[in-house]
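For reference, the structure discussed in these notes is given below.
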């Protein structure tokens, strides 16, 4: 049993540290996932603290993982592990059973798990943590209590600094399809030998008692004359392979699509991404305008892209003296492109050359010397 408990500690500790660091690498992205859960449980008011909650969960996972490995205060740590995994197991089961959240975000964009895979992972962790919990009083620290305590304190400091850095700038490691160096046009193509959706044709009929019944193509009722036809739908039985980028498009206020125009531009172009202008950082707007004006002066394309409605976008442009045009795209896609509102992306022929958080917005001289003069 001693060796079993030791193995459980290693597995649980490593998984918690790995999961925590991957989410801490993209805290803002994890907060978006929390917002999905808040909507599912009809608690949208919690979205105001979703970022803080995301940061707390990331740090907690890392610290609990480290504490489990070194065996520090295992009575307290095992209780916290058990409470946390019971909560997560409930969430993943609810998501899988009711199909409300397609990806739990357990490992961010680094590893996508289906809802049932996420639930299965949590069930395994629950079993491992229960073993640790039952033998918690017999677990001894790997080091002296003083060393173990300072190891946990060091984990708290490092995880807090890392979580803050990736939030105030950009993810240190980018697992998203819009990462620097990726070609958006290629990302919009289906993978090689992609499998299409498996679709079943379903006919809906109204019975004499008023109930709606569904029948497949090969099991239509013999007494079909006793039913009233309602609708024919294509029901997806199994989803096929999808492109990594499937919701990106650039349209103007009239609905004209300009996606190919921008992605096929052989020259450098700057795309300012602001998924929601009402939540966009205002203090950085003078610096945005300065760069946009310099781009216009040197004939370099600069445009904005948002999901905010056209009327509110025009008002925002007027209030902040934005002289460049804004186009429109799905908000979820814009959140995926860059974890910053606003954030700046440098494109060339559809390839992401570089990107910046609004805290790191470059000057014209910086981008000109690094890219445009080459």
Using DSSP, restrict attention to beta bridges with both residues in the chain and report what percent are antiparallel, rounded to the nearest 5. 75
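According to the square roots a ≥ b ≥ c of the eigenvalues of the Cα gyration tensor, what is the shape class of the range 116-264, taking rounded for a/c under 1.5, prolate for a/b larger than b/c otherwise, and oblate for the remainder? List each step's numbers first, then the result.
Values: a/c = 3.54, a/b = 1.54, b/c = 2.30.
It comes out oblate by the Cα gyration axes.
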Per the rule of 0.36 nm per residue minus the C-alpha distance, extending residue 244 to residue 42 adds in nm 69.7 nm
For the range 219-268 and the range 10-28, write down the distance between their C-alpha centroids in whole Å. 36
Roughly how many Å is it from the Cα centre of the range 35-105 to that of the range 286-301, as a whole number? 43
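Does the range 102-182 classify as rounded, prolate or oblate by the C-alpha gyration tensor (a ≥ b ≥ c root eigenvalues; a/c under 1.5 gives rounded; else a/b over b/c gives prolate, otherwise oblate)?
Details: a/c = 3.93, a/b = 1.31, b/c = 2.99.
Oblate, since a/c reaches 1.5 and b/c is not below a/b.
Let me make sure I get this right: for the range 21-139, a, b and c are the square roots of the gyration tensor eigenvalues over alpha carbons, sorted descending. Under 1.5 in a/c it's rounded, otherwise prolate if a/b > b/c, else oblate. Which is it? Before the final figure, lay out each step's value.
Details: a/c = 1.97, a/b = 1.52, b/c = 1.29.
It is prolate, given that a/c is not under 1.5 and a/b is the larger ratio.
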Relative pair counts by distance (%), Cα atoms of the range 61-120, 10 Å bins: 23, 39, 30, 8
Plugging the Kirkwood radius over Cα pairs into Stokes-Einstein for the range 198-238, at a temperature of 25 °C and a viscosity of 0.890 mPa s, what D comes out in µm²/s? 231
Using only the alpha-carbon atoms of the range 259-372, report the extent along each of the three principal axes, biggest first, to the nearest angstrom. 34, 28, 22
Rounded to the nearest 500, what is the 222 nm mean residue ellipticity of the chain from helices alone, with -39500 (n - 2.57) per DSSP H run of 4+ residues and division by all residues? -15000 deg cm²/dmol
What Rg and what Dmax come out for the chain when only alpha-carbon atoms are used, in angstroms? 25.6, 82
Centre separation in Å (Cα based) which lies between the range 195-216 and the range 146-189: 47
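Since every read-out is calculated from the coordinates, none of them should be taken as a lab result. Keep in mind that this is a model prediction, so the values were computed, not measured.
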